[in-house]
Structure formats: C-alpha cells, structure tokens
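Below is one structure; the comments refer to it alone.
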Amino acid sequence: MIASVNGTVVVRRPDHVVIECSGVGYRLAVSAETLKAVPAVGKQKLLHTHLVMRDDGMYLYGFSSEEERELFLLLIGVQGVGPKVALAVLSGGTTKELLRAIASGDSARFQAVPGIGKRTADRIIVELREKVAGESAIEEIVITKTDDPRTLARQGLVGLGFSAQEADELLADADGETPEDLIGEALRAAR
C-alpha cells in the first residue's frame with residue numbers, strides 16, 4: 001500500500017492534485033481542507049495517502065495530516081459513505097471541528113454535505129461517536145469547557161434540538177447574565 005507521497009506539485013485542481021515523485025506523477029483526490037495545505041505548482045509537498053482498489057481502477061486519496069486520513073478511514077467504514085462522500089465531509093471543516101460535531105451529535109453539520117441525508121448523518125454520529133470518544137480532540141472539548149454563560153447557553157440550545165448555527169444566531173442578540181437568561185431570550189426570539 002502507498003502510505004505517503006512526497007514530491008513536486010505539478011497539478012493543483014479543486015478536487016485533486018498531482019505530485020511527481022521520481023518521475024512518476026501520482027493523482028490524489030483531496031478534500032478542500034487538504035487543498036488549502038498544498039502549495040503552488042513547483043513546490044514540494046508530502047501527503048499521507050490511502051489507496052482504494054475497485055473493479056474499475058485504483059484510486060489514491062491524499063491528506064495533509066494523519067488525523068485527517070484516520071477520520072477518512074472511519075467515515076468510509078460507515079454504511080452508505082463512500083470515498084467521495086467522505087472527502088465531501090472532510091471538506092466541511094478541520095478534523096477537530098468534525099470530531100467535535102460527531103461527539104456533540106451535530107447531525108445538521110453532516111446533512112449540509114451533498115450526498116448525505118438525515119439517516120446517513122445520524123448513522124455517522126451513532127457509529128463513530130464511541131470510536132472517537134478516546135481521541136485527544138474529543139478530550140480537548142472537555143478540558144476547554146468553561147463556565148462562560150454564552151457557551152453554556154449555546155450547549156443548552158443544541159441540547160434542545162437547535163443546530164449549532166441556529167443557536168449562535170439566536171444568541172447573537174440575546175442579553176442576560178446567566179445561561180438560563182440567555183436561553184430564555186433566545187427562545188423568545190425564536191418564536
């Protein structure tokens with residue numbers, strides 16, 4: 001298996017890059033997040049890879065970090081999520097943000113990805129929540145948890161069924177000293 005590719009960037013497109021190593025150009029499908037880390041044509045870059053072999057060919061996927069590759073492998077292990085959909089999910093944010101979304105049960109974030117409906121988004125969360133529970137990125141959430149009233153109010157609104165984005169919008173104009181006051185203001189604004 002090809003674990004990584006290190007060489008000169010010769011092609012840089014929105015959905016793939018080509019990296020030349022020892023005279024051989026490797027075409028790697030990449031997420032938008034990985035593409036941000038790929039330098040201009042002519043520069044050197046190392047990408048971690050995963051090779052998928054199917055009846056119609058061999059497909060190489062590239063990742064800017066091992067953490068992103070590991071999340072990709074977890075995603076393609078979920079029923080109904082293939083490599084293309086997994087790359088679309090990875091394009092939706094950093095690895096840490098996606099792990100947080102899984103840990104918090106934010107299925108709306110995954111439903112926003114083209115090709116993922118409510119059932120698949122819920123399946124991603126259910127199947128991966130326990131697998132990522134021990135990850136350092138998830139532990140970081142617990143460590144950084146604060147007593148900030150806005151943060152607690154946001155978590156409360158998400159717990160009531162609002163998406164993280166809706167909670168942020170509702171809290172933008174809310175006034176209050178305690179999480180309870182902020183939630184009350186936000187719910188009144190939601191009516």
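Where a number appears in this text, it was derived from the coordinates with a stated rule and is not lab data. Here the structure is a predicted model, which means the values were calculated and not measured. Cβ coordinates were reconstructed from backbone atoms using ideal geometry, including for glycine residues, and neighbour counts include every protein chain displayed.
Mean separation of Cα pairs under 8 Å and 6+ residues apart, divided by the residue count of region 41-191: what relative contact order is that in percent? Each step should come with its number before you reach the end.
On the way: 143 pairs, mean separation 20.5, N = 151.
Result for region 41-191 is 14 percent.
Which lysines does LYS36 reach when only Cα atoms under 26 Å apart count, and residues fewer than 8 places away in its own chain are ignored?
LYS45, LYS84, LYS96
Mind checking the angle between helix 149-159 and the chain's longest principal axis? C-alpha axes, 0 to 90 degrees, to the nearest 10.
With both axes taken from Cα atoms, the answer is about 80 degrees.
Roughly how many nanometres apart are two label points built 7 Å out from the Cα toward the Cβ at LYS43 and ASP168?
Reported label-point gap for LYS43 and ASP168 is 2.7 nm.
Give me the number: length gained by fully extending LYS131 to SER65, i.e. 0.36 nm times residue separation minus the C-alpha to C-alpha distance, one decimal in nm. Each step should come with its number before you reach the end.
Working: separation 66, 0.36 × 66 = 23.76 nm, distance 1.88 nm.
Going from the current span to full extension adds 21.9 nm.
How much length, in nm to one decimal, is gained on full extension between GLN155 and SER22, taken as 0.36 nm per residue of separation minus their Cα-Cα distance? Walk me through the numbers on the way to the answer.
Details: separation 133, 0.36 × 133 = 47.88 nm, distance 5.10 nm.
Gain on extension, GLN155 to SER22, equals 42.8 nm.
Given bins 5 angstrom wide, list per bin the percent of all Cα-Cα distances in region 1-64, short to long.
Pair shares across the bins are 4, 20, 33, 26, 12, 4, 1.
Could you work out the helix-only [θ] at 222 nm for the chain, with each DSSP H run of four or more residues adding -39,500 (n - 2.57) and the total divided by the number of residues, to the nearest 500 deg cm²/dmol?
Only helices count here, giving -14500 deg cm²/dmol.
Rounded if a/c is under 1.5, else prolate if a/b is larger than b/c, else oblate: which is region 146-190, with a ≥ b ≥ c the root eigenvalues of its Cα gyration tensor? Intermediate values should be presented prior to the final figure.
On the way: a/c = 1.62, a/b = 1.13, b/c = 1.44.
Note, shape of region 146-190 comes out oblate.
Give the calculated FRET efficiency between GLN111 and VAL10 to the nearest 0.05, with a Förster radius of 30 Å applied to their Cβ-Cβ distance. Kindly include the intermediate steps, with their values, before the conclusion.
Details: r = 36 Å, r/R0 = 1.21.
Once the sixth-power term is evaluated, E becomes 0.25.
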